[in-house]
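Taking it in order: structure first as C-alpha cells, then the write-up.
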Amino acid sequence: GAGIGYDIHRLAADRRLVLGGVAIEHPTGLAGHSDGDVLLHALMDALLGAANLGDLGRHFPSDDPAFAGASSLGLLKRVGALIREAGFAVASLDATVIAQAPRLAPHVGAMRDAIAGALGIESERISVKATTNDGLGVVGSGEAIAALAIALLD
C-alpha cells in the first residue's frame with residue numbers, strides 16, 4: 001500500500017526545534033502538543049494511511065495529556081509496531097520539509113538514521129529532502145515549517 005502525509009506547525013520562541021528526531025540549533029522551535037516534529041508527523045500519517053490504520057490523531061489525540069511533550073521518535077516506534085502488527089513492512093519513505101530557515105541539508109543524514117532506528121529499517125530506504133517556500137505564505141515568512149511524506153509498504 002501507499003500513503004501520504006502532511007503536517008504544518010507554527011514556530012514559537014519558547015520551544016526547541018526538532019525535525020526528523022534531530023534537535024537543531026535555531027532561535028525558535030515548533031509549537032505542538034508533542035515535540036512538534038512536523039517531519040515525523042507527516043511520515044507517521046503516511047505510514048498509517050498506507051496500512052489503512054487511520055491518522056495520527058486517532059492513535060495519539062492532541063487532547064490526551066499522555067502525549068504532552070512526547071518524543072515523536074517514540075511515537076514513530078509505536079507506529080512502526082502498529083504497521084508490523086497489521087502485517088506490513090516499510091518498503092520506502094520519501095519526505096520533503098518546507099522551511100525558510102534553518103538550512104537542513106547538514107542534518108539530513110542524522111534524520112535518516114533516527115527514522116531508520118525508530119522503525120528498525122535501513123536508512124537507505126528513507127529519503128529526506130528540504131526546500132524553502134521562496135518567501136511565500138506562513139512558511140516563507142518563517143512563521144511555520146511544513147512537511148510532506150509518502151510511504152510504500154510491502
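The values are calculated or read from the model by the stated rules, or taken from the named source; none is laboratory data. Note that the structure is predicted; figures quoted are calculated from it, not measured. FYI the Cβ positions are ideal-geometry reconstructions off the backbone, even for glycines, and counts take in every protein chain you see. Side chains are part of the model used for accessible areas, which takes the heavy atoms of the whole protein and leaves out ligands, DNA and RNA. Shrake-Rupley method; radii C 1.70, N 1.55, O 1.52, S 1.80 Å.
Listing for the model above:
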item	result
Label-point gap, in nm, between Ala31 and Arg103 - each point 7 angstrom along Cα→Cβ	2.9
Quotient of C-alpha Rg and 2.2 N^0.38 Å, computed over region 1-87	1.08
Per residue accessible area of the chain, 1.4 Å probe, in Å²	46
Debye-sum result for region 19-65 in log10 I(q)/I(0), which assumes one identical scatterer on each alpha carbon, at q = 0.13, 0.23, 0.31, 0.32 Å⁻¹	-0.34, -0.87, -1.16, -1.19
Region 9-154, accessible surface, carbon-and-sulfur percent (1.4 angstrom probe)	52
Span from the region 75-154 Cα centroid across to the region 23-59 one, whole angstrom	9
Difference of contour (0.36 nm per residue) and Cα-Cα distance, Ser62 to Ser92	8.1 nm
For region 68-154, share of DSSP beta bridges that run antiparallel, in % to the nearest 5	55
Projected-area mean, region 1-151, by convex hull of Cα positions, square nanometres	8.1
Degrees, to the nearest 10: 72-85 long Cα axis against longest axis of the chain	20
Heavy atoms of Ser34 accessible to a 1.4 Å probe, total area in Å² rounded to 10	10
Label-point separation, Asp113 to Lys129 (7 Å along Cα→Cβ), nm	2.4
Label-point separation in nm, Tyr6 to Glu85, each point 7 Å along Cα→Cβ	2.9
